[in-house]
2 protein chains.
Amino acid sequence: MNIAIIVAAGSGTRFGAEKLKQFLEILGKPLIIHTLERFESCPSIDEIVLVLPFKEIENFKKTAEKFNLKKLAKTIAGGQTRTESVFNGLNSIDSKRTEIVAIHDGARPLVSSEEISRTIEQARETGAACLVAAVTDTIKEICDGKIVGTIDRKQLRRALTPQAFQFDILQRAFAQSDVSETATDECFLVEKLGYKVATVEGSAKNIKITAPEDFILAEILLQQF
Amino acid sequence: MNIAIIVAAGSGTRFGAEKLKQFLEILGKPLIIHTLERFESCPSIDEIVLVLPFKEIENFKKTAEKFNLKKLAKTIAGGQTRTESVFNGLNSIDSKRTEIVAIHDGARPLVSSEEISRTIEQARETGAACLVAAVTDTIKEICDGKIVGTIDRKQLRRALTPQAFQFDILQRAFAQSDVSETATDECFLVEKLGYKVATVEGSAKNIKITAPEDFILAEILLQQF
């Protein structure tokens, strides 16, 4: 089985809103539902584990009943850090039945089914795969407020999600990590094991919603979806 | 005097539109006019040189009459590359009267007057300054489609514009460069001279309009301006 762990355990209300970011509505539907639907409709995904803040789980379950999320197998509580939340998701999975685990940010509702499938397929072949996008900005290396170099952006990629792994590789990566410290992403933990994670080229439209203007942009992009 | 060179000499019609990108309207006004207005209203700017595709100059002049652009001193023709376009702008400037030159992308209408002033002030103090924004994505270094490292993004910045320079430093940088090859930005040419360009922290809202969705986002952000 291929399992998606969707992480939406952040407790940030950055937009000054009453609701947490992941439950704010876009086109009449909570953000997290949009994200779940991407994985629901992806033929490469068999089951979904959703990681939420503990106190949101009950409310979410009532909301989720309105949507046809047949693959949503578990909704579990997150930890103190993002890495801990992913770890909780990983621990909830039956290791015997799992081949590939795809980890995804709940705040990325614009991933396509095809991108998810390609990332999983790559992980099946090479052990670990990361969906990436080109770096379009000129990137400067700085030191003490001064530019010390311009990095050749052809050699750089922005790490998106999903990031997919053969289950045993990801488990070993977590076993050797301190989950109380947030890693920037799961690939980094696997890189530290010495694995060369394969990249899968994805679309820049797969944005992570963090600022209020991202929310507006996501609405426009979801209308075109 | 402090002079802004605003570069909008691209001939791309990426949006499948009849008009060039820089002349498409946002909130009833051509994109390039929005950008010009940011510099018009900035007290640190004395004159503006606008660089356009040659065949657009006459039409633009008619359009510009409708707007109150008192600082727009010259509208000149661009070259084959962006670097050549900036070079044309630089050559049109009276060196005796010029202290600071600020170079800006015509496709960045969301820069604030305060950001322009801070960048110019920094260039006055240290010779060269670049407006930058934080890197929010996790950045991977790749080789042959595999991740070979995760770069600490605290040491990275995205180069925005304006980029401002003492006139003589920029002139020397161009004298030592091949303008037929496009540099990613003007800072890079000055970095090659051995100067340590100072960074000025700016807002992520100062986006460069490249994709159609950027256009829609810019409209929303300009409404909040």
Using a 1.4 Å probe on heavy atoms of the protein chains only, the accessible area for B:Glu121 in Å², nearest 10, reads 80
In nm to one decimal, list the spacings between the B:Glu99 label point and its equivalents in the other copies, with label points set 7 Å along Cα to Cβ, shortest first. 6.8
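Mind scanning B:Lys29/B:Lys208; A:Lys140/A:Lys205; A:Lys154/A:Lys196; A:Lys208/B:Lys208; B:Lys62/B:Lys205; B:Lys154/B:Lys196 and naming the pairs with a C-alpha gap bigger than 20 Å? Don't jump to the answer; show the numbers that get you there.
Working: B:Lys29/B:Lys208 17 Å; A:Lys140/A:Lys205 24 Å; A:Lys154/A:Lys196 18 Å; A:Lys208/B:Lys208 18 Å; B:Lys62/B:Lys205 30 Å; B:Lys154/B:Lys196 18 Å.
Pairs exceeding the cut-off: A:Lys140/A:Lys205; B:Lys62/B:Lys205.
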Using label points projected 7 Å from each Cα along Cα→Cβ, tell me how many nm separate A:Asp152 and B:Glu37, to one decimal. 4.3
Placing the label point 7 Å from Cα along the Cα-to-Cβ direction, what are the distances from B:Phe67 to the equivalent spots in the other copies, shortest first, in nm to one decimal? 4.2
Using a 1.4 Å probe and counting only protein heavy atoms, how much accessible surface gets buried when A and B come together, both sides summed, in Å² to the nearest 100? 3400
Ellipticity estimate at 222 nm from DSSP helix runs (n ≥ 4, -39,500 (n - 2.57)) divided over the protein assembly as shown, nearest 500: -9000 deg cm²/dmol
Rounded to the nearest 10 Å², the accessible area of B:Ser41 at probe 1.4 Å: 80
Using the heavy atoms of the protein chains alone and a 1.4 angstrom probe, what is the accessible area of chain A per residue in square angstrom? 43
Give me the percent of accessible area attributable to carbon and sulfur for chain A, probe 1.4 angstrom. 47
Computed over the Cα atoms of the protein assembly as shown, the Rg and Dmax in Å are 24.2, 77
Sequence order, region B:137-148: Karplus ³J(HN,Hα) from phi using 6.51 cos²θ - 1.76 cosθ + 1.60, θ = phi - 60°, Hz rounded, Gly and Pro as x, gives 7, 6, 9, 10, 8, 10, 8, 6, x, 10, 6, 10
Please report, largest first and rounded to whole Å, the three semi-axes of the ellipsoid equivalent to region A:37-86, where each semi-axis is the square root of five times an eigenvalue of the C-alpha gyration tensor. 20, 15, 7
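Distances over 23 Å make up what percent of all Cα-Cα pairs in region B:78-225? List each step's numbers first, then the result.
Values: 4705 of 10878 pairs.
I get 43 percent for the Cα pairs in region B:78-225 exceeding 23 Å.
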Calculate one ³J(HN,Hα) per residue across region B:200-208 by plugging θ = phi - 60° into the Karplus curve 6.51 cos²θ - 1.76 cosθ + 1.60, and present them in order as whole Hz with x for glycine and proline. 10, 6, x, 8, 5, 6, 6, 7, 9
Which single residue of chain B puts its beta carbon nearest to the axis of rotation relating B to A, and what distance, in whole Å, does that give? B:Leu217, 2
Put the label 7 Å from Cα along Cα→Cβ for B:Asp168; what are its distances to the other copies, in nanometres, shortest first? 6.8
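So if I place +1 on the C-beta of Lys and Arg and -1 on the C-beta of Asp and Glu, and nothing else carries charge, what would the dipole magnitude of the protein assembly as shown be about its Cα centre? I want it in debye, nearest 20.
Taking the Cα centre of the protein assembly as shown as origin, the dipole is about 300 debye.
The values are calculated or read from the model by the stated rules, or taken from the named source; none is laboratory data. This structure is a prediction, so every number in the text was calculated from the model and none was measured. Reconstructed Cβ throughout: ideal geometry from the backbone, glycine too, with neighbour counts over all protein chains shown. SASA here: full protein model, heavy atoms, side chains in, ligands and nucleic acids out. Shrake-Rupley method; radii C 1.70, N 1.55, O 1.52, S 1.80 Å.
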